[in-house]
Structures are given as C-alpha cells and as structure tokens.
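Undergrad: Pasting a structure here, questions to come.
Since every read-out is calculated from the coordinates, none of them should be taken as a lab result. Since the structure is predicted, the reported quantities are computational estimates derived from the model, not experimental observations. Positions of Cβ are generated from backbone atoms using ideal geometry, with glycine treated the same way; all protein chains shown enter the neighbour counts.
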Amino acid sequence: MPGRWKELNVKFARLYQQGEYEKAERMVDELIRTAEATFNEEHPDLATCLNNVAELYKVRGNYTRSESFHNKALVIRQKMLEANHPDIAASLNNLAVLYKDQGNLDRSEELHKRALAIKEAAFGGQHPEVATSLNNLAILRKAQGNMKEAERLYQRSLSIREKALGPQHADVATSLNNLAVLYESTGQNGQAESLYKRALAIIQREYGPDHPEVAIAKNNLAALLKTQNKFEEAEPLYKQALATKERVFGTESLQVAALLSSLADMYRAQGNSSAAEPLLKRALAINEKVLGGDEPEVALLLGSLGTLYKSQGRHADAETLYKRALDITERLFEPDHPNVAAALNSLAVLYDVQSRYAEAESLYKKSLAIVEKTHGPRHPNVASILYNLGGLCRTRGNFSEAVTYYKMALEIREHSFGSTHNSVLSILRVLGRLYKSLGQENEGQRYLDRVKEIRSQTNA
C-alpha cells in the first residue's frame, strides 16, 4: 500500500504542476482513500495530502471544499504537534490565503497574525520563516488598501532576508519584486523599476539567463515599462520571457498562454490591435484546451478579448465575450466574490460607452456593493468604481451627483496613495471643471490650483 500511495501522490503532484487540474481532481477520491488506508488518522503525510487536495480545489475555485480539506489538515496537525510548530503555521497561512481570495479579509488577517506569532515563537524575530509570514501579511494589507502598512511589512521582510540569507539570495529577489509591485500600484514607478531590475539581476545570477524564474522577472519588469509607455524596452523583455517559457514548458502550456496575454496587452496599449488579437486568441485556445471552458483563466481572457474589441468599436462582439466571462465567473464563484465584481464592472463600462446608462449604473452599483463588502469601503477598487459612477453621472448631466461620487473616490485615493498620486490629480482636475460647470468658479479654481501646487512640488 505505501508503494501505491507514493505512486498516486507523485502522479497527482505532476498533474497539478502541469496545470492539468481536471485530471488531478479525478484522482482525489482514490488518493485520499489510499492515504487513509496507508497512514493512521493523525499521520503528518495524511495532513500533507489533505492540504495538497485543498490547494487544488482553491485553484479550481471550489472554496467550500478547499476550506474543508484545509481545516481537516489543520486539525490533524494541531493534534499531533506542539502548539507553536511551523506546520501549524503553514496550515493557518494556507487558510488565510484562501479567505483572502474569497474576500474574507478580516478572517484572513486573524489567521496570518496567528501564523506570524507561531513562527516568531519558534524561530525568533529575525528568521527567514518570519520574513515569509511578514510578506504574506503585507500582501493582505495591500488587498485591504493599506499601502503604507504593506510597505512597512515588505521592508521588514526584505531586511530580515538580506541579513539572514545575504543580499544576492533568491528570496531577497522575491521581496524586492513584491515591494516593486506595491510601488508600481501606488504610482512610484521609478522606485519600482529600480527594484525590479535588482530582482532580475539576482535571479539571473542565481539561475542563469534562460530559466523560468528569469522569465517571470523579465515579465514583471516589462509590465512596468509598458505602463510607462516604454514599449521599445518592454517588447524584447516580453519576447525573451515568452521564448524561455515555450522552450521549458512547450508552446501549448498555460505558462506560455500567460505570456501571450501580457504581450497582447502591450500591443493593445500601443493601439496595435492587429498584433494583439491573434495573441489573445491563441492564449484563450490554450487555456480552453488545457483547462476546459469553465475556468477563471478562461473568463479573464474572454474579458481581455472583449476589452480589445471594445477599443476597436466592436461593441456587439465585446458584449458577447463580457457576458460569457460573467456567466463563467458567476457559476464558479460565490455571488459576492471580487471576480464577479470585476466582470460586472467591465460590462458596465461597455454599456457606459454605448450610452446604455441605466444598465451601466445598475451593474456599477452591484459591483460596488460586492467590493465594499469584500474589501471594505476605503479600498482602491472601491474608488475606481466610484470614479466610473461619477463619470456616468457627469455624462448624463447629473453634475451634483457626479461631484459626490468623485469626492468619495478622491478621499479613498488620497488615503491609499497619498495626495500626489496621478490618480488623485486626475480627480482634482475633473472636480475643478465640474464645479466651474455648476457656476462655482472659486471652488473649481481651488481644485485646479491644488493640481498646480502638487505639480510644482513634485517637479521641484
């Protein structure tokens, strides 16, 4: 029986790593039966097996089953191990990530803090395992919209790793990358670019120039360069990363599909729709072939292709794809999942462009309610939907209502990103013009003067 268990476990792990989740799921019942027959009910290998199955269900979007198996693994570990054992922290962390993905950020925070406390008790405050927990808590803080606290935690995690592992360790590169992602999201592109380049240099030194980890680092840097319209620098990085992943994983792999989507997004940003469309279609075909039709990745690619068609004025085609994406997402996730909110918002934007204002407003408000519930009322994603609602009201001539939405969005963005962020300046400009449209010249000029003042300070 141990031989059969080992054989099944290796096969399950291989299918999971290759992204063949449907085939892996078909093995679950036999895998667990064999594990239970091979080990006693409190054996660590049984806990590990349950944990791995839980991770599969999380990827598949079946959060109810994922939570159930993670809790079973946690119960086994709590029975057989000391209260501050690192394996208990690992189970708590996995559950915390699951709750974050579900939008249950308060529960996620509680478990991340428990995992961190266990690791600090087990290893001391300067251990790499503690750095990992700090990193995970930082990811949660970013999801909560608390960028300053996320930055503090990322920096503490980075400091521990640099001291414990040395400045050229791969885990240091991971910390640099995560901090760069945070800076990118808050518009600090210069700092982000510097950190992405440091991370890339470390990973190239560690693995060589043609390794999948190097491809990921190149993709991250290219994505930032794309947002800065540095397309000539971004394109070769994307293509190098794509070539590496095609060589390592094969041309029909999910890893290749992800790079195709990124490259397509760059071409779309350039206005080169003819180059973007075949890449997105190829990425979609790969995902449908490997995963089947009803998967989160398929829904995301349908949405991306819909956005491309919207930019081309192909509104009917875009609506068809957005509706397919929404249908898949609603079937895979709970009604108040963030992915559902994103799909609703995308369709709302299309209706807004088409002057179907009543339909757009209804979808914006549904999306807003979900995001406020899952992320809290001061999250940047809330601000984005409020901004969209403000734009819709302005287009319809409801200027007073538009001002209300824009002011709510402004307060959130100032809280999340600081008063000099570009997204803050854009709202200040809009508010200035709106107030002038309402005949409130002095109030409008006050907002426009704030823009000038901030510009003069940041350019000094």
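Undergrad: When the helices in the chain are scored as -39500 (n - 2.57) per DSSP H run of 4 or longer and the sum is shared across all residues, what 222 nm value do you end up with, to the nearest 500 deg cm²/dmol?
TA: Only helices count here, giving -27500 deg cm²/dmol.
Undergrad: If you don't mind, there's one more thing I want to ask. On a C-alpha basis, how far is the centre of segment 6-21 from the centre of segment 36-82 in Å? Whole number, if you could?
TA: A separation of 16 Å, based on Cα centres.
Undergrad: Same structure, new question: Could you tell me whether segment 109-164 comes out rounded, prolate or oblate from its Cα gyration tensor? Rule is a ≥ b ≥ c as square roots of the eigenvalues, rounded for a/c under 1.5, then prolate if a/b exceeds b/c, otherwise oblate.
TA: Oblate is the answer for segment 109-164, as a/c is 1.5 or above yet b/c matches or exceeds a/b.
Undergrad: To the nearest 20 debye, what charge dipole does segment 362-460 have about its Cα centre, counting +1 at the Cβ of each Lys and Arg and -1 at the Cβ of each Asp and Glu? Provide the component values of the computation, followed by the final result.
TA: Details: 15 positive and 8 negative charges, 48 e Å.
I would put it at about 220 debye.
Undergrad: Tally Lys/Arg at +1 and Asp/Glu at -1 over every other residue whose Cβ is under 10 Å from the Cβ of Tyr196; what's the total?
TA: Value of the local net charge: +1.
Undergrad: Taking a threshold of 21 Å on the Cα-Cα distance, which of the pairs Lys79/Lys119; Lys197/Lys230; Lys230/Lys281; Lys11/Lys79; Lys100/Lys148 fall above it? Could the numbers behind the result be given before it?
TA: Values: Lys79/Lys119 18 Å; Lys197/Lys230 15 Å; Lys230/Lys281 25 Å; Lys11/Lys79 29 Å; Lys100/Lys148 19 Å.
With Cα atoms farther than 21 Å apart: Lys230/Lys281; Lys11/Lys79.
Undergrad: First obtain the Kirkwood hydrodynamic radius of segment 204-333 from its Cα pairs, then insert it into the Stokes-Einstein equation at 25 °C and 0.890 mPa s, and state the resulting D in µm² per second as a whole number.
TA: 162
Undergrad: Right, another one. Lysine pairs, Cα distance under 26 Å, 8 or more residues apart or cross-chain: how many in segment 362-460?
TA: Qualifying lysine pairs in segment 362-460: 7.
Undergrad: Tell me, in nm to one decimal, what length is gained between Lys289 and Asp327 on full extension, where the rule is 0.36 nm per residue of separation less the Cα-Cα distance?
TA: 11.8 nm
Undergrad: Okay, next question. Can you work out the FRET efficiency for the pair Gln191 and Glu232, with r the C-beta to C-beta distance and R0 = 35 Å, to the nearest 0.05?
TA: 0.95
Undergrad: While we're here: What Kirkwood Rh does segment 362-460 have if only Cα atoms enter the pairwise 1/r average? Answer in Å.
TA: Roughly 13.8 Å, rounded to one decimal.
Undergrad: Quote to one decimal, in nm, the extra length available between Ser362 and Lys6 on full extension: 0.36 nm per residue of separation minus the C-alpha distance between them. Walk me through the numbers on the way to the answer.
TA: Numbers: separation 356, 0.36 × 356 = 128.16 nm, distance 5.29 nm.
Here the segment from Ser362 to Lys6 would lengthen by 122.9 nm.
Undergrad: State the Cα centre-to-centre distance between segment 311-326 and segment 270-304 in whole Å.
TA: Measuring centre to centre over Cα atoms gives 13 Å.
Undergrad: Still on this structure, please answer the following. What number comes out for the charge environment of Ala47, summing +1 per Lys or Arg and -1 per Asp or Glu over other residues with Cβ under 9 Å away?
TA: Details: positive: Lys72, Arg77; negative: Glu42, Asp45, Asp87.
Net charge around Ala47: -1.
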